[in-house]
1. Taking the label point as lying 7 angstrom from Cα along the Cα-to-Cβ axis, what are the distances from residue A:203 to the corresponding position in the remaining copies, in ascending order and in nanometres?
2. Applying 1/(1 + (r/R0)^6) with R0 = 22 Å to the Cβ-Cβ distance of residue A:84 and residue A:61, what FRET efficiency is obtained, to the nearest 0.05?
3. Over chain A, what is the percentage of antiparallel beta bridges among all DSSP beta bridges, to the nearest 5?
4. Out of every Cα-Cα pair in chain B, what percent are more than 31 Å apart?
5. Between region A:130-206 and region A:59-80, what is the C-alpha centre distance in whole Å?
6. Would you mind listing the distances between the residue A:112 label point and the same position in each other copy? Use 7 Å along Cα-to-C-beta, nm, one decimal, shortest first.
7. Between copies, how far does the label point of residue B:35 sit from its twins, in nm, shortest first, when each point is 7 Å from Cα along Cα→Cβ?
8. What span do the alpha-carbon atoms of the protein assembly as shown cover on each of the three principal axes, reported in whole Å from largest to smallest?
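The numbers here are math on the coordinates, done by the rules we state, and not lab data. All figures in this text were calculated on a predicted structure; none of them were measured in a lab. No Cβ is skipped: glycine too gets one built from the backbone with ideal geometry, and neighbour counts run over all protein chains shown.
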């Protein structure tokens, strides 16, 4: 059985949903980044980078959302979570997820995690003020250029969808009005109705 | 023939080297990010995100270094640039590249591109001051935990190697002493001797 180290409110939600969609035999190991669990020795032994997600498999540990999502798609091909037989289409899926990881998530992280890149309180405040603009610009690109609909890649649901759903869930907290992005908003609502998403989110309530 | 939009000094070097290693039929389309070419309408028509690399193929445009690198590995399987038949090992390669894109490159970008995430000159200065520490911490993790040797993934050269080589080339400019990281430094020297790397770098001199 695989074990996914997960923190509620973090991007590891995307991997949890993908595991659920794949029908994988897995358990969630929930840690609290608010309490700093990710920096404790027990967790650093799993992922020395001190971040979630980390997926423990019988072969070892995998980290980084885009890598874990692609792994789930490849390890459970019957779930058809990515265009596995078409390197170009697979690369498009990966490009979308890489954009979410390297640009969108990073823009968001400047709201609360400015200490990664600066030391002064004035810089943290400046960074936090800019988040609505920087995250908003990312979702403008997604809405206008990247998103095809009804799913990210078009007609086929894929590993891009739970990842977009996860990051789109941060918009209000980041001070961005999701109403500017009707395609993203409708996608978020469509995602919330999927059984796999409901099942994962029910674990939070439990 | 494929066309790689590339800027010298940027991360697109990794994709250029991978294309060369793969024996791909490609041309480099060099733009200058210093001159702002990436924000001109002609380039935004290629990549609306205004970043390099962008790989133009006969199927369309691919963006994001990790996605392009995995695509090159999959499109040229005979070059054996990734463990394509082993989803777990492939995910490990992808996790490394995703870490470079989302954490290492992002830390580096705070030296000159603070305007992406803040507005005040004082914040830019604060960010730039922190780069030696934040980038240094990334390479400490690579040196101590992630790098196997002689290549990133061990005995087999892969798409992780040109990407590490590219980012390790920024250490001195970021105020990080590469001598702290002997494995990374030796890897950088080993990479510089590869014919594919020499061939790409010769195009800069030309």
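1. 4.5
2. Efficiency, rounded to the nearest 0.05: 0.45.
3. Counting only bridges with both partners in chain A, antiparallel ones make up about 60 percent.
4. Numbers: 3581 of 21115 pairs.
So the portion of pairs separated by more than 31 Å is 17 percent.
5. About 20 Å separates the Cα centre of region A:130-206 from the one of region A:59-80.
6. From this label point to the equivalent ones elsewhere in the assembly: 3.3 nm.
7. 5.7
8. So the three principal-axis extents are 61, 50, 47 Å.
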